[in-house]
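The values are calculated or read from the model by the stated rules, or taken from the named source; none is laboratory data. Remember, predicted model here, so these are calculated numbers, not experimental data. So basically every Cβ, Gly included, is an ideal-geometry build from the backbone, and we count neighbours across all protein chains shown. Heads up: the accessible areas ignore ligands, DNA and RNA and are worked out on the full protein's heavy atoms, side chains in. Shrake-Rupley method; radii C 1.70, N 1.55, O 1.52, S 1.80 Å.
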Amino acid sequence: MKKKKKRPEIAGTLSKHKRGFGFVRTEDGEGDIYISARSIHGAMDGDRVLVDLIPQALWGSSREGIIIKILQRNTVEVAGTFEKSKKFGFVIPDGKKGGEDIFVRKKDFSGAQRGDKVLVRITKYPDKENSAEGKIVEIISRNGQAGGDIKALARSYGLRETFPSRANAEAKAVSREEIHSRDLEGRRDLRNKTIITIDGADSKDFDDAVSVEMLPGGNYLLGVHIADVSHYVAEDGYLDREALKRGNSVYLIDQVIPMLPKSLSNGICSLNPDEDRLTLSVDMEVTPQGEVVSHDIYESVIHSKERMVYSEVSDMLEKKDDSLVKKYRDIFEDLLIMNKLAGILREKREARGSLDFDFDEAYIRLDSSGAAVSVDIAERRTANKLIEEFMLLANQTVAEHFFWMEVPFIYRVHEAPTLRKMEEFRTFLRGFGLSVKGTAGSVHPRTLNEILKSVEGKSYENVVNTVMLRSMQKAYYGTECDGHFGLALNYYCHFTSPIRRYPDLFIHRVIKACLHGTLDADSMEHFRKKAQEAADTASATERTAIELEREVEKMKKAEYMADRIGARYDGIISGVTGFGIYVQLENTVEGMIRLDTLLDDYYIHEPEKYRLIGERTGRVYGLGQSVRIQVDSVDIENREINFRIEG
């Protein structure tokens, strides 16, 4: 008798949905495995599990399986909302992940009250019959406390604003330090130069400052001066280890989870006006054609003359606001020169083929209770773009300089799109009568930039921007200089924000070792090992930060729209799926029109054409199309906004 062939068992990590089902991410390259709620068998989100595939004839659109063993539990603590009765309670997890309610016995309430945001530690994992059990170990915020919802969501991602006591103690000791004469040895004194910072009105930490001069031959001397954070954060100290663990600062509307304690980031490391500050400077001599013909990288000390804000600088440059010009008359001429240089650099970058995604980003305003009271489009004006150009040039210059020195370094890498993604993008563009020049396997960023320019001002501009961005690879930090496709650069790094990004802090240490002549064979090997760890960690923490920032934004947009049920808006179709249509409003709020609410016809999904088409009427709902909608319902907890087609 022929022995029946045993189905393979596959290991992977469970990503669980709030509705109970999940997907197991595997390493076999065959795609995720769908797990129904009844086949989860007590596994929690993030657990490493073993899956038995069900017969292929029973699969839906992807592989399906049953969890037969939990290999490793990865959930220790869960953040959520506490609900209680007299004898027991439950913690309902926050976050989009599929956490199940955690049962809490009365003796383990730890003073928590109904509606509080809490952190519960798992004491007993779930099985087929019973929920997980836990003990409340922290009250994140009391019921109704302003900002508690954002804090709890951050904790659900394992992030916290507060620092360990030893890191805090180290930061406080450093923050009390003054700049002494010994700190200035070997530094170039720039305190008499006109150096300024330009940031957002709400910014508290200033890690970059700029200066500009016209040279006798007609060239520009652009100076970019970056806070010398590495002078204060000792390598492998408590502060440094915590900064590496965090990888980056996370910005959550009106809250920040900083990479470094505020006593440092808003204090001695911040380039505050009218105060001496230690910096790393890059001087770049730039021709009127935008070519950098020489550069100099060195340690310095500066004394910022002004703390400028984007809106005021933009008003001066765009509108020649008389009151502001008079107020800043000592630096107005410098601002005019900066603006001219920024324009030259932008033209040079565009000619090179650099992609410039001009997305509308949300500016969400919260009231004193932490509730969303307005959702508008964030300004990206002349001053914002000016600083962007200067920072891009500094990052590029530093990356190329140290690439040729062949020292351990961390680069910002953005690989070219895959052939499959480009072919999908070509298909999408045909629906708008657009095409991509050249072959899908060798597309140049300049070609894609031409498409972005061709849709400027069109109703579907944002949609084309979005789909093109989704066609791109994700940028990451790497130790090999593999270029930046989106910027059309062979050399690029992150050098300009050591207060909020660990790779910048790391390469500052390498730069200073080179400047001091201490980069011998042993330290080269040391930095090489540290570079890989820092690059991998920062890439991972960046992904977490981006996901959390999006979830917080979606939560507050849902909260804002919850008071607008029944309101009517014009929008653009921003996504088409087999279960509905995504529509984006002018203020960036996005909601879904579910397929089962389109009652005038039976609609067929044509994914390759990014559209739904009515079987009887032939009516089409396609990407980029304008529609009139009515707000139907909102689920703040799950960050879902539902629309209906009007008329």
Exercise. Out of THR427, THR397, THR466, report the one residue that is open to solvent by 20 Å² or more (accessible area, probe 1.4 Å), within 20 Å of SER354 (Cβ to Cβ) and either free of Cβ contacts under 8 Å to residues at least 60 places away in the same chain or assigned to a helix (DSSP H, G or I) (or both).
Key: THR466
Exercise. Among the candidates SER300, SER314, SER304, single out the residue that is buried (at least 17 other Cβ atoms within 10 Å of the Cβ), over 20 Å from ARG188 (Cβ atoms) and touching a residue at least 12 places away in the same chain (Cβ under 8 Å).
Key: SER314
Exercise. Scan the stretch 579-591 and give yes if some residue there is farther than 22 Å from ASP376 by Cβ, assigned to a strand (DSSP E or B) and either touching a residue at least 12 places away in the same chain (Cβ under 8 Å) or open to solvent by 10 Å² or more (accessible area, probe 1.4 Å) (or both), otherwise no.
Key: yes
Self-check item: Among (1) farther than 20 Å from ALA538 by Cβ; (2) at pLDDT below 95; (3) open to solvent by less than 10 Å² (accessible area, probe 1.4 Å), the one test that LEU264 misses
Solution: (1)
Exercise. Would you point out which residue out of GLY237, GLY217, GLY290, GLY200 is surrounded by fewer than 20 Cβ atoms within 10 Å (Cβ to Cβ) and free of Cβ contacts under 8 Å to residues at least 12 places away in the same chain?
Key: GLY217
Quiz item: In the stretch 430-463, how many residues are free of Cβ contacts under 8 Å to residues at least 24 places away in the same chain and either of a type in the set (Gly, Ala, Ser) or within 30 Å of ALA534 (Cβ to Cβ) (or both)?
Solution: 8
Quiz prompt | Among residues of the stretch 337-377, those that are part of a strand (DSSP E or B) and under 23 Å from VAL313 (Cα atoms), counted | solution = 6
Quiz item: Assuming GLY622 fulfils every condition listed in (1) among the small types (Gly, Ala, Ser); (2) surrounded by fewer than 18 Cβ atoms within 10 Å (Cβ to Cβ); (3) in contact (Cβ under 8 Å) with a residue 24 or more places away in the chain apart from one, which condition is it?
Solution: (2)
Quiz item: Looking at (1) closer than 30 Å to HIS508 by Cβ; (2) open to solvent by less than 40 Å² (accessible area, probe 1.4 Å); (3) not small (Gly, Ala, Ser), which is the only condition ASP536 fails?
Solution: (2)
Quiz item: Could you say whether any residue in the stretch 522-533 is open to solvent by 30 Å² or more (accessible area, probe 1.4 Å) and in a loop (DSSP other than H, G, I, E, B)?
Solution: no
Exercise. Mind checking which strands (runs of 3 or more DSSP E) fall wholly inside the stretch 200-305 and carry at least 3 residues that are over 30 Å from SER374 (Cα atoms)?
Key: 208-214, 220-227, 276-286, 292-303
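Here is a yes/no grid of residues against (1) in contact with a Leu (Cβ under 8 Å, 6 or more places away or on another chain); (2) of a type in the set (S, T, N, Q):
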{"site": "ASP199", "(1), (2)": "no, no"}
{"site": "PHE206", "(1), (2)": "yes, no"}
{"site": "GLU213", "(1), (2)": "yes, no"}
{"site": "SER230", "(1), (2)": "yes, yes"}
{"site": "GLY247", "(1), (2)": "no, no"}
Quiz item: Pairs under 7 Å by beta carbon, first residue free of Cβ contacts under 8 Å to residues at least 24 places away in the same chain in the stretch 104-119, partner of a type in the set (A, V, I, L, M, F, W, C) and open to solvent by less than 90 Å² (accessible area, probe 1.4 Å), six or more apart or different chains?
Solution: LYS106/PHE88
Exercise. Run down VAL413, VAL436 and say which single residue is closer than 27 Å to LYS348 by Cα, open to solvent by less than 20 Å² (accessible area, probe 1.4 Å) and in a loop (DSSP other than H, G, I, E, B).
Key: VAL436
Practice problem: Determine which single condition ARG241 fails, assuming it passes every other condition in (1) under 26 Å from the mean Cα position of the chain (by Cα); (2) under 24 Å from GLN396 (Cβ atoms); (3) at pLDDT 95 or above. | Solution: (2)
Exercise. Could you tell me which residue of the stretch 327-382 is farthest from ASN143 (Cα to Cα), considering only residues that are touching a residue at least 24 places away in the same chain (Cβ under 8 Å) and aromatic (Phe, Trp, Tyr)?
Key: PHE357
Quiz item: In the stretch 356-379, what count of residues is obtained for those that are out of contact with any strand residue (DSSP E or B) (no Cβ under 7 Å at 6 or more places or on another chain) and farther than 29 Å from ILE196 by Cβ?
Solution: 4
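For every residue, the table says whether it meets (1) modelled with pLDDT of 90 or more; (2) within 30 Å of HIS516 (Cα to Cα); (3) of a type in the set (Phe, Trp, Tyr).
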{"position": "ARG142", "(1), (2), (3)": "yes, no, no"}
{"position": "TYR157", "(1), (2), (3)": "no, no, yes"}
{"position": "SER165", "(1), (2), (3)": "yes, no, no"}
{"position": "GLU170", "(1), (2), (3)": "yes, yes, no"}
{"position": "SER175", "(1), (2), (3)": "no, yes, no"}
{"position": "GLU185", "(1), (2), (3)": "yes, yes, no"}
{"position": "ALA201", "(1), (2), (3)": "no, no, no"}
{"position": "VAL233", "(1), (2), (3)": "yes, yes, no"}
Quiz prompt | Subset of the stretch 487-507 that is within 15 Å of ASP240 (Cα to Cα) and not aliphatic (A, V, I, L, M) - its residue that is most open to solvent (accessible area, probe 1.4 Å) | solution = ARG500
Quiz item: Exactly one of (1) at pLDDT 95 or above; (2) surrounded by 20 or more Cβ atoms within 10 Å (Cβ to Cβ) is unmet by TYR603. Its number?
Solution: (1)
Quiz item: Out of (1) surrounded by 17 or more Cβ atoms within 10 Å (Cβ to Cβ); (2) in contact (Cβ under 8 Å) with a residue 24 or more places away in the chain, the odd one out for SER62 is which?
Solution: (1)
Self-check item: Which numbered condition LYS474 misses (of (1) open to solvent by 30 Å² or more (accessible area, probe 1.4 Å); (2) part of a loop (DSSP other than H, G, I, E, B); (3) out of contact with any strand residue (DSSP E or B) (no Cβ under 9 Å at 6 or more places or on another chain); (4) closer than 27 Å to TYR582 by Cβ)
Solution: (3)
Quiz item: Going through the stretch 486-521 one residue at a time, which ones are among the hydroxyl-bearing types (Ser, Thr, Tyr), assigned to a loop (DSSP other than H, G, I, E, B) and touching a Ser or Thr at 6+ places or on another chain (Cβ under 9 Å)?
Solution: TYR491, SER497
